[in-house]
1. With respect to the symmetry axis carrying chain D onto chain B, which residue of chain D exhibits the smallest Cβ distance to that axis, and what is the value in whole Å?
2. Taking the Cα atoms of the range C:156-215 alone, what are Rg (to one decimal) and Dmax (as a whole number) in Å?
3. Under a cut-off of 17 Å between alpha-carbon atoms, report the aspartates and glutamates in cross-link reach of C:K9, not counting same-chain residues fewer than 8 places apart.
4. Sort all Cα-Cα distances of the range A:187-256 into consecutive 5 angstrom bins from zero, then give the percent of pairs in each bin up to the one containing the longest distance.
5. Summing -39500 (n - 2.57) over the DSSP H runs of n ≥ 4 in the protein assembly as shown and dividing by its residue number, what mean residue ellipticity at 222 nm do you reach, to the nearest 500 deg cm²/dmol?
6. How are the C-alpha pair distances of the range C:115-222 spread across 10 Å bins, as whole percents from the shortest bin up?
7. List every residue whose amide H lies under 5 Å from the amide H of D:A39, counting only residues 5 or more places away in sequence or on a different chain, with H placed 1.01 Å from N in the peptide plane.
8. What whole-number volume per residue, in cubic angstrom, does the convex hull of the C-alpha atoms of chain A give?
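What follows is calculated from the coordinates using simple rules that are stated; it is not laboratory data. Owing to the predicted nature of the structure, the values given are computational and were not obtained by experimental measurement. Note that each Cβ is placed from the backbone with ideal geometry, even for glycine, and that neighbours are counted across all protein chains shown.
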Protein chains: 4
Amino acid sequence: MTEQHSEAKRVAILGANGRMGAEAVKAVEAAPDMELVAALGRGDSLDQVTAAGAQYLVDLTVPESTEANVRFAVENDIHAVVGTTGWDAGRLAALEALLAGHPETGVLIAPNFAVGSVLASAFAAKASKYFESVEIIELHHPDKVDAPSGTAVRTAQLIAAERGAAGVPASPDATTSELDGARGCDVDGVRVHSVRLRGLVAHQEVLLGSAGEQLTLRHDSFDRASFMPGVLLGVRNVAAHPGLTVGLDGYLDLGF
Amino acid sequence: MTEQHSEAKRVAILGANGRMGAEAVKAVEAAPDMELVAALGRGDSLDQVTAAGAQYLVDLTVPESTEANVRFAVENDIHAVVGTTGWDAGRLAALEALLAGHPETGVLIAPNFAVGSVLASAFAAKASKYFESVEIIELHHPDKVDAPSGTAVRTAQLIAAERGAAGVPASPDATTSELDGARGCDVDGVRVHSVRLRGLVAHQEVLLGSAGEQLTLRHDSFDRASFMPGVLLGVRNVAAHPGLTVGLDGYLDLGF
Amino acid sequence: MTEQHSEAKRVAILGANGRMGAEAVKAVEAAPDMELVAALGRGDSLDQVTAAGAQYLVDLTVPESTEANVRFAVENDIHAVVGTTGWDAGRLAALEALLAGHPETGVLIAPNFAVGSVLASAFAAKASKYFESVEIIELHHPDKVDAPSGTAVRTAQLIAAERGAAGVPASPDATTSELDGARGCDVDGVRVHSVRLRGLVAHQEVLLGSAGEQLTLRHDSFDRASFMPGVLLGVRNVAAHPGLTVGLDGYLDLGF
Amino acid sequence: MTEQHSEAKRVAILGANGRMGAEAVKAVEAAPDMELVAALGRGDSLDQVTAAGAQYLVDLTVPESTEANVRFAVENDIHAVVGTTGWDAGRLAALEALLAGHPETGVLIAPNFAVGSVLASAFAAKASKYFESVEIIELHHPDKVDAPSGTAVRTAQLIAAERGAAGVPASPDATTSELDGARGCDVDGVRVHSVRLRGLVAHQEVLLGSAGEQLTLRHDSFDRASFMPGVLLGVRNVAAHPGLTVGLDGYLDLGF
């Protein structure tokens, strides 16, 4: 028991009082190969992280504080797994410069921890150059304020890049008479449709079609619990990936 | 055999050289309770219909000639099953006036002969007042020129009427930031999304949602053959429905 | 406010500490036209129901006690809405005999309070006689011990009855070589397939097919909350339906 | 024009009168980078292939003749793309021995030419080790004699191998009471369900689930035309893959 603990990964969680953070606390506590050594909320001092001897820091805070949190981790040679948004090109460049001086330390910044969603987007992009047509339907609860979803935009961009590199022409579309909005919005040449329906959580379908066949890749997130396997996968793999990795797909065995 | 033939329904088909008409010729020939007595193409004289002793006329022609064809049928006390579009309010009123003088004669004008599609629309309307949210996704081949499809527009109108009569409020939608077109088009307050994908034929999904549950009604037309059971059902029932019926659902045992 | 309360339906809930009961307590408390006057758990005396002046009793207890609970309600001229299982033919007959002496009192016994699920089953039965083939796929979480689900069995029975009455032949099936179990189980001639998958709750698809077309009716229950609109609908309508009603569809405007 | 023809790939098709062969004739004739130099039916002499100067042979014949056809091709240094079944381990070993003496010649034996289907199976296998549960539903027309389909069996085997190698435990299943066949058949520990429905052609869904999320990979074959892009892709790539390749996925850019 004691030995097991001494070998377990020592994890600190920032943002432990938020909805994602609270799930992460439960997930790390339940993981047999991890030990939760610190759980910090708003206003708590980062010194608790080093005092507790954390080897891994999970940041699930807010855009305003995530950069300082990660900088603190790297400066103390603590690996970081980050789910907070707000990492623009400037912040990423500064982080890479800092990591250059800590060549053993890994940082994962993941806009999406749902393994199934990340797989679906990667598969969709990879498959898209083999089909004549591709469109995206994303479906969410009706309290969501933006349309389309960030995941749908990223998926469309991945698809557009893959098809562009392969020289695949635009999806055919003979529409000449359209009721405004019927054909969805256009993201880099890919049509995206946003459904808002009470009862739903977060869902996405990529539809790929050629003469006589269709391939459909659908992901459903029913619950915030779906993000925790991705957080744990991040903690388990970040030490083996020194430097900066953006996107959980960098840790998945996709081969591409 | 002879007796059976003398009891079989005597059917004439107009537009027999068109794609729908050619399918109808095959379907009537294969129906054990029907006899095809005339199959007319463009330019053939309607006198062939009466000369052949037809009791039923199936009109699958073009908007320019359908009114004259049906008028001819009614004046000769021949029941008519009509799949041609172009019947506006004025034409329908004139037809009803004509039928008033032929109280035994029935006419069915059906914008859609796919039994499954008609059922799906009727069910969607009936169910829609029990759900907080409703949206429609229609999916077709990419050579279609209009979006949304006529069937989707009619389904949305049926739903809007049913919800309006029951005092159901509009589907909730918190969208404040939208990429143009993402939320589809608006048909009488119902959002409709049009997908165009190579490989598809004609498909429609009505999505209904309330807290914790979803009801999905999907219809797929893979082939023109799917319209023939509806045409035969029309021929078999039109004599029992004197006067004008618009929509195949008038002949289906829906109870509503 | 006072007047509104005096007009509100006075509701007692039995089994208030169970999972369904706890949801019902919240739902009745949130309903503007109802007042929760008693919430009883195991061992509480039924006298509290009459002492509180309840007009409606919602029974969400266990098969062992539901019959006595409902008998108590009817003897006190309290309408009852019952979600507990265990009502066999003998119990139902005894209840009807009791109700004969209380002609103003209504009892609803509903094996399923999910409005969408009840609608889907009713639509599936109604549609099934217009299609050559029909099969059912039900999908649940992997902790479920029985396969297929009770809802799937009832849906198959409704379909079989409707097709039988209309003289529709069995769904075609040319299978001559089958790996044991591949074609599902047989419920009154309808094939039913049971999927068990982590992440799911309770879902059902009825697939109907004819030459060139398919109709799919799918219901998803994501959450126990999905049963509450049905419970409230029951309370609101039970007084207008004196005598015994089995199945929530008896209160829905289906017209059939 | 003449030069273009001299650069075009010179293709011979065996089994040109069969259903697949007839489609292949049309597809090769329509391909701008290919020239159809021979189309042989049952009983035609293979000498026509060499006489026509074919560089590529497409074999869409029957299990009885495919081995001799491919042997003839390799002996004449003609690349072969083979869609015929019947290649057991012994035949494959003999072919590899023959190919050892023709190091520049490529042979592709593909049990499935539908690119989307091959992608779906490969993605399903790759994803399956990241999910707790996996099941397969395959859906076909009711004239099919075997259940489950060969594609479903192969997909299940790929999934079982991938999960086995990664040490993933069996999908959870608490079923203790089952109506015979409800839970489908068992292929290497993966549950497979076979639906047979009029109106369908060939369809498959792989369902993957973990706590709070689901990933669904669905492929629909609506038409034999869906196999032709795979045949052409085979012809275009076989020369760059000397030796024996089994499965179209060997030519797809999947990276795994």
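1. D:F222, 3
2. For the range C:156-215, the Cα-based Rg and Dmax read 13.7, 40 Å.
3. C:E29, C:D33, C:E35, C:D59, C:D77, C:E104
4. Values per bin, smallest distances first: 3, 10, 15, 17, 17, 16, 13, 7, 2, 0.
5. Numbers: 32 runs with 358 residues, N = 1024.
Only helices count here, giving -10500 deg cm²/dmol.
6. Percent of pairs per bin, in order: 14, 47, 31, 7, 0.
7. Hits under the 5 Å cutoff: D:I13.
8. Details: hull volume 40.1 nm³, N = 256.
In chain A, the Cα hull volume divided by residue count equals 157 Å³.
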